[in-house]
1. With respect to residue 48, determine if the residue is modelled with pLDDT of 95 or more and under 15 Å from the mean Cα position of the chain (by Cα).
2. Which condition number in (1) under 20 Å from residue 12 (Cβ atoms); (2) more than 14 Å from the chain's Cα centre (by Cα) is the one that residue 55 fails?
3. For the chain, list the helices (runs of 4 or more DSSP H) that sit wholly inside it and hold at least 2 residues that are touching a residue at least 12 places away in the same chain (Cβ under 8 Å), of a type in the set (Gly, Ala, Ser) and open to solvent by less than 50 Å² (accessible area, probe 1.4 Å); which are they?
Amino acid sequence: MIAFAVGFPVLKTFRGERSFYLEDLYITPGFRGQGFGFEMLRAVAKLAKEENCVRMDWQALDWNVKAIDFYEKIGAETDSGNVDFRLIEEKFDKLAS
């Protein structure tokens, strides 16, 4: 395996538009820096357009500088309007009970 991508279309109700959320993009370490990431993103973007999505969204870990640099190089922007939240462990269990 060289690479894989996992994602799905979503409806942004507050924006009234369809977008594509890229959950994961993985390139096997020995194949990084050879254009596979760009080609995978291009393929995902084409799929998203076929699904009538007007944008793509994804996240990157703040310590993954190489990925962030790559995304910025292709023109991706950070979305300062969103804040990520999560519920874990006891707090998740409490809400689910």
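1. Details: modelled with pLDDT of 95 or more: yes; under 15 Å from the mean Cα position of the chain (by Cα): yes.
Considered against the rule, which asks whether it is modelled with pLDDT of 95 or more and under 15 Å from the mean Cα position of the chain (by Cα), residue 48 comes out as yes.
2. (2)
3. Per the criteria, 36-50.
The values are calculated or read from the model by the stated rules, or taken from the named source; none is laboratory data. Quick caveat, the model's predicted, so the values are computed rather than measured. We place every Cβ from the backbone using ideal geometry, glycine too, and count neighbours over all the protein chains shown. Calculation scope for accessible area: heavy atoms of the full protein, side chains included, ligands and nucleic acids excluded. Shrake-Rupley method; radii C 1.70, N 1.55, O 1.52, S 1.80 Å.
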